[in-house]
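As structure tokens, the structure follows; a few thoughts come after it.
Just so it is clear, none of the values below were taken in a lab; they were calculated from the coordinates. Note that the structure is a prediction, hence the values are computed from the model and not measured. Note: ideal-geometry Cβ built from the backbone for every residue, glycine included; neighbour counts use all protein chains shown.
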Amino acid sequence: MSSVEPVKEPADDAAAAVLDDAPADLRRAFYRTLRHTGRAALADRLLPDVRARWGDREAAAPLPACSGAEVARWLPDLEHAVTAWRALAERVPGLRPWAYGVYDRLVARCGTEQLEDHDHYLDLVLPRGAEHALQDVLRPRLRAARGRRDPSLAIEPAWSLDRRAIGLAELQDDLRAGALDRSGDHAGDAAEVWLEDPAHRVERAARLVAADPAAIGPPAGRRTDLLGGVEIGERTPPVRPQDPGRWTPAQVERVRESLNGVAGDGALPADTRIAAVRSLGRLPGSLGDLAARAGGGDAVPAEAALEAMARTDRPAEALRSIRRWPG
């Protein structure tokens, strides 16, 4: 029995044409649509051209929409750019352990800076309970870091895992050691994450004060009761997707004011201003602020604002605005 080539639907070429002049946010929405509608054949056909035109980072976006065979073919070349590991694991059985290995290799090659991605949080992409498997994979490196009295490797996964890190006893022990070692370079960061456990926060704060009375000053990014004192400037903390739901309306407005100040300050580094715009997109009711920045004359935050519009709490209205945008 001869094999039958997949038939290309007439709509495929029209759908692919969407990519030609579309901005980055619309292209990403298109890739998600391919995955949710099961258009694996079209995703398989488009991926090589997407990579050639826009590079590895964008080519990784349609990968979860591809067939299992194409995922296996392309993943070795694109693993460094993949963020949607959960979606890939759903497409290819048995992929999750391999993904943990990639994570471990990234840490080995590049250090913990690879984990400092405010647009990609482990608690949003790892299935419930998978944090224990990730800790198992990282355990040899965590032990080596412990021997060097370096808590940085524990801090970044704990930050990214958010409340799910509370159940990882070994990680919590490393954070405790880093927080109480007040002579270390990472003591403040370790203390901030260690204090995340609400059941033990008072006890841990007391231990910190006993070790160093000056330690009782955690950054405002995690303590909502301190947000009223956030200053407009380069040290404004990044906003994670889950943060605004923990804040009062007044605190949200204070953070919005701070982020708008950073985004509009031409004296600050471009990366700092772009990060502020991305955080602004995670606050409720920010579509108007982002639209104004996208249409303004300041090129640095304009592109970031256009991208952040797709993540606001008014996605339908944001999509209509993006479609009307020139280019």
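Couple of notes before you dig in:
- For the stretch 22-93: relative contact order, % (alpha-carbon pairs under 8 angstrom, 6 or more apart): 30 percent
- Dipole of the stretch 22-93, positive direction: furthest Cα of 59, 37, 83, with charges on the beta-carbon: 37
- Seen from residue 293, the other residues with C-beta closer than 12 Å to its C-beta sum to a net charge of -2, counting Lys and Arg as +1 and Asp and Glu as -1.
- Pair residue 104, residue 45: separation of 7 Å Cα→Cβ label points (nm): 4.1 nm
- Dipole magnitude of the stretch 22-93 about its Cα centre (Cβ charges: Lys, Arg +1; Asp, Glu -1), debye to nearest 20: 220 debye
- Between 200, 160, 122, the Cα set farthest toward the positive side of the dipole of the stretch 97-214 (charges on each charged residue's Cβ, about the Cα centre) is that of 200.
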